[in-house]
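Notes for the one structure printed next.
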Amino acid sequence: MKNCLLFISLAIIMSSCAKKTEQYSFYVAGHLYGKPGNNELGAYSKFKDKFENIRSYEDLSFGVLTGDAVKGSTDEEWLALIEDLDMLPAEYHLARGNHDYKNKENLNKYFPESYYSFKKGADLHIILDANLDGWNITGEQLTFLKNTINENKDEAKNFFIYTHQVIWFNPDDHPRYLHVNSEEGRNPVSNFKTEVLPLFKNLENQVYFFAGDVGAGSWASDINYTKPNNHIHLIANGMGDGVNDSFIMVSVSEYAEPKFSVISVDPSAENQIQNLESFLK
C-alpha cells in the first residue's frame, strides 16, 4: 500500500513539474482551389462551408495551405483566396504547389517566401518548396533544412514540415497504397529516403510531414497516413473530388501534445470528424 501511495505521489509531482507551453491550434488544407476544371474563385466552397467549425477551435493560431491554393495564379484568384482566408481569425502560410507557380511573379507578390520556418509554442514549423528541384530538397534549401534542424532539435518538442508534393511518394510501390493528383515536374530519382528522411531518424522529437497533392479527383488518394518508424509521421491530405474530401485540424496542448482531427467537407460522409489514427496504414 505504501509503495502504491509513493508511486501515485511521484506521478503527481512529475505531472505538476512538467514544463507547460503555449496551447494553440491550426488547420492544414491541401489543393485548396478544389476540383480541376471548376471556375470557382477563392477557396474551395466545401472548405468554406466549414469555416464556422474552424472558428470554434480554441486558440486558433494559423493555417497552412499545402499547395495548389489557386489554379492559374492570376491576380483575381489570389485576391479572392486572400479575401476568403481573411474571414478566419488566423494568419496563413503557403507551401507552394505547381499550380501556384503558373505565374511566378504573382506568387512572389502574394507569398514571397519560398521556404522558411517559424516557432509556435514548443514546436517548430518548416515550410518547404519541392518545386525547386523536381520534388527533391537540395542545394541551399537542403542546407537550410539541416541547419534549422540542428539549431532547434534540443528545444523543439515537435517538428511539423510542409510541402505540396508528396515527396515520399514512390510510383514503384507494390501494392500502390498512395495515389497523388499529378506527377508533374517529378524527378524519377528522389532524395527523400537518402538525404531528407535521415536528417530526422535519430532525433528524439516527434516529426510530422504534411503534403497536399492528393484528393483532387477519383484517381487520387483522399488522405494517406503512414509511419516509417515510431516518431516520424507522413501525412497527405487534399480536397477537390467532392467525395471523402477533408482537411486536418491540429490542437496542441499546453504540454506540446498534438491531437489530429480529420474534418470531412463531404456532407454525405457518415463521420464528419475522425481521428487521424484511424487512417494509419
### Message
If I filter region 56-72 for residues that are touching a residue at least 24 places away in the same chain (Cβ under 8 Å), among the β-branched types (Val, Ile, Thr) and assigned to a strand (DSSP E or B), do I get at least one hit?
### Response
yes
### Message
of a type in the set (A, V, I, L, M) and out of contact with any strand residue (DSSP E or B) (no Cβ under 9 Å at 6 or more places or on another chain): which single residue out of ALA216, ALA256 fits that description?
### Response
ALA216
### Task
Return yes or no: is GLY242 surrounded by 15 or more Cβ atoms within 10 Å (Cβ to Cβ), assigned to a loop (DSSP other than H, G, I, E, B), under 16 Å from the mean Cα position of the chain (by Cα) and on the phi > 0 side of the Ramachandran plot?
no
### Query
Of (1) surrounded by 19 or more Cβ atoms within 10 Å (Cβ to Cβ); (2) among the hydroxyl-bearing types (Ser, Thr, Tyr); (3) free of Cβ contacts under 8 Å to residues at least 24 places away in the same chain, THR194 satisfies all except one. Which?
(1)
### Total residues in region 200-224, condition buried (at least 19 other Cβ atoms within 10 Å of the Cβ) and either assigned to a strand (DSSP E or B) or of a type outside the set (Gly, Ala, Ser) (or both)
13
### Summary
Checked region 82-121 for anything over 13 Å from SER61 (Cα atoms), among the aliphatic types (A, V, I, L, M) and surrounded by fewer than 19 Cβ atoms within 10 Å (Cβ to Cβ); matches are ILE82, MET87
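Rundown of residues vs (1) closer than 19 Å to LEU234 by Cβ; (2) under 20 Å from the mean Cα position of the chain (by Cα); (3) at pLDDT below 95; (4) among the aromatic types (Phe, Trp, Tyr), yes/no style:
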position: LEU81; (1), (2), (3), (4): no, yes, no, no
position: LYS119; (1), (2), (3), (4): no, yes, no, no
position: THR163; (1), (2), (3), (4): yes, yes, no, no
position: PHE169; (1), (2), (3), (4): yes, yes, no, yes
position: VAL180; (1), (2), (3), (4): yes, yes, no, no
### Query
Looking at region 250-264, is at least one residue surrounded by 20 or more Cβ atoms within 10 Å (Cβ to Cβ), in contact with a helix residue (DSSP H, G or I) (Cβ under 7 Å, 6 or more places away or on another chain) and under 13 Å from HIS31 (Cβ atoms)?
no
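Can you list the strands (runs of 3 or more DSSP E) lying wholly within region 82-198 that have 2 or more residues being over 23 Å from LEU41 (Cα atoms) and not small (Gly, Ala, Ser)?
Details: elements: 91-94, 116-120, 123-127, 158-163.
Passing ranges, in order: 116-120, 123-127, 158-163.
The values are calculated or read from the model by the stated rules, or taken from the named source; none is laboratory data. Remember, predicted model here, so these are calculated numbers, not experimental data. Methodologically, a virtual Cβ is constructed for each residue, glycine included, from the backbone with ideal geometry; neighbour enumeration extends over all protein chains shown.
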